[in-house]
Amino acid sequence: MRILFCNFHEGHGGGQDTYLLSLIKALHSHHTVALASPTTSRLYLTLKKEIPCFGINYKAILRQWRLIKPLLAFKQWIEKQRVDIIH
């Protein structure tokens, strides 16, 4: 199964980071996992060499709907990764 984990926290996300990091590490041995989060997040920086990661700033996109290019790039990346589940 191909699972994409999404995280919007920039920098250190506290308990959310711990939760997702544990989940990703546990599932990584049996499934294909990927991450979509800001490039400044602890998760991205920790996992970028281990699993496919897509850098995206969700907050900026939500504030400015004119940022359609990052959304289209994200959609294309998801399709390329053939993601089954988005968490």
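With the checklist (1) touching a residue at least 24 places away in the same chain (Cβ under 8 Å); (2) open to solvent by less than 40 Å² (accessible area, probe 1.4 Å); (3) not aromatic (F, W, Y) in hand, flag the one item H87 doesn't pass.
Result: H87 passes all but (2).
Filter the range 1-29 down to the residues that are in contact with a helix residue (DSSP H, G or I) (Cβ under 7 Å, 6 or more places away or on another chain), small (G, A, S) and farther than 9 Å from L43 by Cβ and list them by number.
G11, the sole residue that qualifies.
Considering only the range 40-59, state which residues are open to solvent by 10 Å² or more (accessible area, probe 1.4 Å), more than 17 Å from I86 (Cα to Cα) and in contact with a helix residue (DSSP H, G or I) (Cβ under 8 Å, 6 or more places away or on another chain).
R42, T46, E50
What are the pairs, 6+ residues apart or on separate chains, where a residue within the range 12-24 that is in contact (Cβ under 8 Å) with a residue 12 or more places away in the chain has its Cβ under 9 Å from a residue that is among the acidic types (D, E)?
Final answer for the pair search is I24/E50.
Taking the criterion of being β-branched (V, I, T), assigned to a loop (DSSP other than H, G, I, E, B) and within 16 Å of I78 (Cα to Cα), would at least one residue in the range 29-48 satisfy it?
No, that holds for no residue.
Has the range 1-17 got any residue that is open to solvent by less than 40 Å² (accessible area, probe 1.4 Å), at pLDDT 95 or above and in contact with a Phe, Trp or Tyr (Cβ under 9 Å, 6 or more places away or on another chain)?
Checking the range 1-17: at least one residue is open to solvent by less than 40 Å² (accessible area, probe 1.4 Å), at pLDDT 95 or above and in contact with a Phe, Trp or Tyr (Cβ under 9 Å, 6 or more places away or on another chain).
The values are calculated or read from the model by the stated rules, or taken from the named source; none is laboratory data. Treat the numbers as computed from the prediction; the structure is a model and nothing was measured. So basically every Cβ, Gly included, is an ideal-geometry build from the backbone, and we count neighbours across all protein chains shown. Ligands, DNA and RNA are excluded from the accessible area calculation, which covers all protein heavy atoms including side chains. Shrake-Rupley method; radii C 1.70, N 1.55, O 1.52, S 1.80 Å.
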